[in-house]
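The structure appears right after this line, and notes come after that.
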Amino acid sequence: MGGSALPAKLEKAMQLHRAGDRMRAEELYRQVLAKHASHVVATHLLGSLLLDAGHDREAVDLLGKAVARAPANAPEQAILLANLGEGQRRLFRYADAIASLARATALRPDLAEAHYTLGITLRGDGQQEDAAASLERATKLKPTLTPAHLALSGAYFDRGRLDDALASCAIALRLDPSNAEAHQQMGFVLTELGRVPEGLASYRRALELRPSHAHSHSNLVYVLAFSPGETAVSILEEALRWGKRHESTATPPPPHTNEPDPERRLRIGYVSPDLRWHCQAFFLLPLLEHRHRGAAEVFAYSLVKRPDAFTDRIRGSCDVFRDVERASDDGVAQIIREDRIDVLVDLTMHMCDNRLGIFARKPAPVQVTWLAYPGTTGLTAIDYRITDPLLDPPGDAAIAPYCEQSVHLPDAFWCYDPLTRTPDVNPLPAGGGGGVTFGCLNSFKKTNAEVFALWARVLREVNGSRMLVSAQPGESRERVRHAFRDAGVAPERVEFVDQRPRLDYLALYHRIDICLDTFPYGGHTTSLDAFWMGVPVVTLVGRTVVGRAGLCLAHNLDLLELVAQTPEDFVAIASSLAHDLPRLSGLRAGLRQRMERSALMDAPRFARNLDAAYRGMWRRWCVAGKR
């Protein structure tokens with residue numbers, strides 16, 4: 001490629017490049033191109049070097065020129081196109097990258113690395129099925145290509161093929177046992193399979209190998225809440241370790257210059273990667289659409305990777321909407337500071353794609369966390385956390401040890417709106433004489449051996465009853481069957497459903513008479529969905545805040561008879577309800593109306609309460625003085 005003998009200076013540059021002396025190699029490549037501007041080899045190699053160094057824009061420009069100048073059928077053209085596609089992917093030019101990589105794999109079907117890059121590009125573009133096919137091809141062509149096995153695990157996970165995701169991740173770890181990313185992915189898959197202790201062990205191993213990785217540590221902090229053996233104190237301690245490690249790397253913020261007027265119109269900023277079709281929207285949109293616009297100006301800082309129609313709806317409910325997904329933490333913090341935000345609200349905590357690093361830089365004088373889940377961030381830079389008196393009884397330090405100051409809304413942490421058309425509530429399924437159907441459509445990672453044992457006790461108390469469980473095919477379902485069999489309940493009494501679109505998911509409640517909650521992490525959005533569909537949820541009050549959601553919801557619906565303090569209470573409540581079909585039928589017929597009359601769906605009231613909470617935080621800052 002190039003059409004003539006290589007210049008001596010280019011030969012020397014290539015030797016330096018191979019030896020790892022990139023600085024001197026780049027200098028010589030540029031000298032060659034200064035004299036031979038259209039030299040394909042020099043253009044390609046300089047582009048590749050810059051791609052390796054992370055200078056993606058200039059690399060893509062050079063690689064594009066090399067592709068245009070090289071003979072279309074040259075064997076090296078596939079390598080050029082593969083490199084170009086990788087650069088385009090990094091610049092989020094997915095359509096261009098897919099086109100380049102498709103050409104590369106057509107020219108060289110045996111080029112495993114090009115199939116791999118095509119696979120991760122398709123995955124980034126949301127084309128999960130095609131992504132899996134490309135990654136499968138890459139692993140077959142080159143079984144030792146560890147990143148391809150790891151990416152394939154992710155693609156399988158995205159499609160709900162958890163057993164396959166686990167197997168691919170195991171291969172990656174056999175190939176590279178010290179790969180921190182593979183241990184993190186293993187933790188992610190194991191947790192989703194309900195194997196929380198093993199998932200936590202994988203996250204801890206990932207952190208041993210890469211102590212500075214914030215997201216691995218966030219995964220650990222978040223998943224601790226699902227572990228029956230953890231306490232509020234142990235969860236706080238790990239969150240504080242996260243904060244100490246990652247807050248210390250942030251540049252100390254300059255003093256805030258916001259005008260300390262306690263009654264002026266505020267600037268409220270919300271930061272989230274989930275301003276899209278996500279359960280977060282069921283609670284954020286009611287707030288945004290019913291807020292007092294004269295009291296505050298609302299800014300949204302969107303970290304959404306793939307916006308949708310709900311992103312547009314949220315955009316329309318804000319005064320200012322900024323897409324900052326591709327900006328660094330420092331960059332986003334600077335934008336927030338320039339917007340002169342008074343109260344900055346995190347909506348993600350330690351969940352997936354969080355950007356707590358932005359908050360560690362303290363870009364706003366008052367910083368708050370709300371909505372993701374009731375818990376703690378471990379960041380001293382976050383001043384407050386929103387909660388309510390049922391989740392966190394004021395003064396009860398055993399339940400509520402947090403590094404942030406808790407601000408209790410009068411009614412509930414949540415204000416729910418199903419947002420879309422939903423199925424009507426149907427008559428009680430058991431009324432047809434087929435026996436009572438219990439159910440749980442919570443995320444499977446909320447289950448554990450103690451949960452299965454308690455559910456089995458309920459089924460033993462109610463002859464002819466069945467259980468409907470949300471679990472992906474494979475290992476997860478087998479574990480449930482074994483647990484029920486060991487507890488003396490025939491596995492045939494358990495039926496499984498997989499994940500499905502929202503309307504189809506809501507329609508599943510037409511088959512359920514009573515929902516049985518999980519613990520220590522109870523249902524939150526899922527329980528609200530159940531009540532909306534007329535299905536009561538029997539819940540066991542947990543020792544940590546995430547296990548008290550059922551208590552909060554039942555209190556607001558005046559249904560405290562659904563709340564158990566002990567496993568024995570749980571069995572008694574569920575079985576008593578199952579044996580009283582007239583009572584159960586009456587509950588079903590009236591639950592949606594209870595929801596609509598309650599504080600759980602009173603958006604104007606919730607917006608007033610949260611506005612008042614923000615105002616109180618702001619007044620305290622003004623009294624304390626600028627800092």
request  = Take residue 589 and decide whether it is in contact (Cβ under 8 Å) with a residue 60 or more places away in the chain, in a helix (DSSP H, G or I) and not assigned by TED's automatic domain parsing to the domain that holds residue 368.
outcome  = yes
request  = Would you please name the residue that is nearest to the chain's Cα centre (by Cα), looking only at residues in the stretch 47-86 that are part of a loop (DSSP other than H, G, I, E, B) and among the hydrophobic types (A, V, I, L, M, F, W, C)?
outcome  = 53
remark   = The correct count of residues that are surrounded by fewer than 23 Cβ atoms within 10 Å (Cβ to Cβ), outside any loop (DSSP other than H, G, I, E, B) and small (Gly, Ala, Ser) in the stretch 320-336 is 1
task = Filter the stretch 167-181 down to residues that are within 16 Å of residue 210 (Cβ to Cβ) and either part of a loop (DSSP other than H, G, I, E, B) or among the hydroxyl-bearing types (Ser, Thr, Tyr) (or both), then give me how many there are.
result = 4
request  = Quickly run through the stretch 463-484 and pick out the residues that are in contact with a strand residue (DSSP E or B) (Cβ under 8 Å, 6 or more places away or on another chain), in a loop (DSSP other than H, G, I, E, B) and either outside the structural domain of residue 568 (by TED's automatic domain parsing) or surrounded by 15 or more Cβ atoms within 10 Å (Cβ to Cβ) (or both).
outcome  = 465, 471
inquiry  = Would you confirm, using the coordinates I've provided, whether residue 571 is among the β-branched types (Val, Ile, Thr) and either without any contact (Cβ under 8 Å) to a residue 60 or more places away in the chain or closer than 21 Å to residue 441 by Cβ (or both)?
reply    = yes
request  = For residue 405, state whether it is in the same structural domain as residue 527 (by TED's automatic domain parsing), of a type outside the set (Lys, Arg) and touching a residue at least 12 places away in the same chain (Cβ under 8 Å).
outcome  = no
task = Exactly one condition in (1) assigned to a helix (DSSP H, G or I); (2) over 22 Å from residue 422 (Cβ atoms); (3) over 24 Å from the mean Cα position of the chain (by Cα) is not met by residue 488; state its number.
result = (1)
inquiry  = Among the residues in the stretch 348-368, are any among the acidic types (Asp, Glu) and free of Cβ contacts under 8 Å to residues at least 24 places away in the same chain?
reply    = no
query = Within the bounds of the stretch 500-516, is there any residue that is out of contact with any helix residue (DSSP H, G or I) (no Cβ under 8 Å at 6 or more places or on another chain), touching a residue at least 24 places away in the same chain (Cβ under 8 Å), among the hydrophobic types (A, V, I, L, M, F, W, C) and exposed (fewer than 15 other Cβ atoms within 10 Å of the Cβ)?
reply = yes
note = residue 433 vs (1) without any contact (Cβ under 8 Å) to a residue 24 or more places away in the chain; (2) outside the structural domain of residue 526 (by TED's automatic domain parsing); (3) loosely packed, with under 15 Cβ neighbours inside 10 Å; (4) not acidic (Asp, Glu): all pass except (2)
note = Flagged in the stretch 94-131 as surrounded by fewer than 24 Cβ atoms within 10 Å (Cβ to Cβ) and within 24 Å of the chain's Cα centre (by Cα), in numbering order, are 94, 123, 124, 125, 126, 127, 128, 129, 130
query = Within the stretch 305-313, can one find any residue that is closer than 26 Å to residue 617 by Cβ and either of a type in the set (D, E, K, R) or not in a helix (DSSP H, G or I) (or both)?
reply = no
ask   = Somewhere in the stretch 182-201, is a residue assigned to a helix (DSSP H, G or I) and over 29 Å from residue 230 (Cβ atoms)?
value = no
task = Spot the failing condition for residue 315; the list is (1) surrounded by fewer than 20 Cβ atoms within 10 Å (Cβ to Cβ); (2) under 23 Å from residue 222 (Cβ atoms); (3) of a type in the set (Lys, Arg), and only one is missed.
result = (2)
task = State which residue pairs qualify: first residue under 15 Å from residue 344 (Cβ atoms) and inside the stretch 601-625, second residue assigned to a helix (DSSP H, G or I) in any location, beta carbons under 9 Å apart, and separation of 6 or more residues or different chains.
result = 610/287
query = Inside the stretch 337-356, can you point out the residues that are under 23 Å from the mean Cα position of the chain (by Cα) and either buried (at least 21 other Cβ atoms within 10 Å of the Cβ) or polar (S, T, N, Q) (or both)?
reply = 344, 345, 346, 347, 348, 349, 350, 354, 355, 356
task = Identify, by number, the condition in (1) among the small types (Gly, Ala, Ser); (2) part of a loop (DSSP other than H, G, I, E, B); (3) modelled with pLDDT of 95 or more; (4) over 22 Å from residue 448 (Cα atoms) that residue 250 doesn't meet.
result = (3)
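The values are calculated or read from the model by the stated rules, or taken from the named source; none is laboratory data. What you are looking at is a predicted structure, and each value in this text was computed from that prediction instead of being measured. FYI the Cβ positions are ideal-geometry reconstructions off the backbone, even for glycines, and counts take in every protein chain you see.
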